[in-house]
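Structure first, commentary second.
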Ligand SMILES: [Zn+2]
């Protein structure tokens, strides 16, 4: 009788998260919850009110696998007008079964809720800052900085691996590409990041080489926050122009599925890409120096040579004020469709050809 009571106590303790489960996987503590192995939890991470802007939340789903494995953080919606990653995160809710999962997936379904709800491209609707330039953020900052602080301290700090999902934003075309972070300051993470990048099977792959602390710190992105934490990290870019095409969403969902199989987190065959991607060792920008109406020439998704015309800027009286040309030989990955352009805007970003390894 006594031993049965002891067993019961031990089972209750296991259910309460103080003892490992039968499979040897401990519960996962996240957002004030203890998530049992083989289960999932929906958690809204609170972001406090600021002195000049409102409170918000970051909706997260944690899939805590029944078997041991890596802890993968997937982030969607850092830019609230880039809809395919946000819709892909919704589909992933039913695609990842924690009972069949090895390891843990922390899925940030929508990092920037108010930018999404306000349909605000690029920036936060209150502080007008680009969330993806203010990491690691501040607990007492403006809303973008407070969101960045929560993502840095409660999400990225928990990651073994990180995937950041983006699209072309409003009035921004984009060729699908994947970027992985390497270089001197991400040397130990680079090989893992490169393998993760390849599993998305995209036609273009950029190596972002991190060579100085200043480079990581200046206008720090979420990917570079992961670099600073020693986490292998990749950037996936699929979709464009603020559109919500199902084909974009499917491509993201399929890529994440293939990544989970490649990482042995989910069972099943790993699809290998038929052709190797075009590889770039860096990127370069063509920048407008005048403000007005931008008319691009048809450079989307093709090779350009240094000096090739990228587009023109006319003033509001119809006079051509600037002819913007490519500063390098390379392949045009993304750019603005216009028509508005401001002096200082990058009108295209060009992958500079080189082996991305
Ligand atoms: Zn973005």
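The values are calculated or read from the model by the stated rules, or taken from the named source; none is laboratory data. Note that the structure is a prediction, hence the values are computed from the model and not measured. Here the Cβ positions follow ideal geometry from the backbone for every residue, glycine too, while neighbour counts run over all protein chains shown.
What the table below lists for this structure:
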{"read-out": "Matching residues, the range 291-307, being surrounded by 17 or more Cβ atoms within 10 Å (Cβ to Cβ) and over 30 Å from residue 196 (Cα atoms)", "value": "291, 292, 294, 296"}
{"read-out": "Test: residue in the range 38-49 that is within 16 Å of the ligand (Cβ to nearest atom) and surrounded by 17 or more Cβ atoms within 10 Å (Cβ to Cβ)", "value": "no"}
{"read-out": "Selection count, the range 107-146, where residues are outside any loop (DSSP other than H, G, I, E, B) and either touching a strand residue (DSSP E or B) at 6+ places or on another chain (Cβ under 6 Å) or away from the ligand (no atom under 16 Å from the Cβ) (or both)", "value": "8"}
{"read-out": "Within the range 1-32, tally of residues that are modelled with pLDDT of 50 or more, in contact with a strand residue (DSSP E or B) (Cβ under 7 Å, 6 or more places away or on another chain) and surrounded by 14 or more Cβ atoms within 10 Å (Cβ to Cβ)", "value": "5"}
{"read-out": "Test: residue in the range 113-135 that is surrounded by 24 or more Cβ atoms within 10 Å (Cβ to Cβ), touching a helix residue (DSSP H, G or I) at 6+ places or on another chain (Cβ under 7 Å) and within 24 Å of residue 26 (Cα to Cα)", "value": "no"}
{"read-out": "Among (1) surrounded by fewer than 22 Cβ atoms within 10 Å (Cβ to Cβ); (2) in a strand (DSSP E or B); (3) in the same structural domain as residue 67 (by TED's automatic domain parsing), the one test that residue 251 misses", "value": "(2)"}
{"read-out": "Residue in the range 156-168 that is part of a loop (DSSP other than H, G, I, E, B), farther than 23 Å from residue 232 by Cβ, within 16 Å of the ligand (Cβ to nearest atom) and under 18 Å from the mean Cα position of the chain (by Cα) present", "value": "yes"}
{"read-out": "Residue ID - surrounded by the fewest Cβ atoms within 10 Å (Cβ to Cβ), chosen from residues in the range 230-248 that are more than 15 Å from the ligand (Cβ to nearest atom) and within 20 Å of residue 178 (Cβ to Cβ)", "value": "247"}
{"read-out": "Of all residues in the range 78-97 being assigned to a loop (DSSP other than H, G, I, E, B) and within 16 Å of the ligand (Cβ to nearest atom), the one that is surrounded by the most Cβ atoms within 10 Å (Cβ to Cβ)", "value": "82"}
{"read-out": "Options 209, 192: the member that is assigned by TED's automatic domain parsing to the domain that holds residue 112, without any contact (Cβ under 8 Å) to a residue 60 or more places away in the chain and either farther than 27 Å from residue 62 by Cα or within 17 Å of the chain's Cα centre (by Cα) (or both)", "value": "192"}
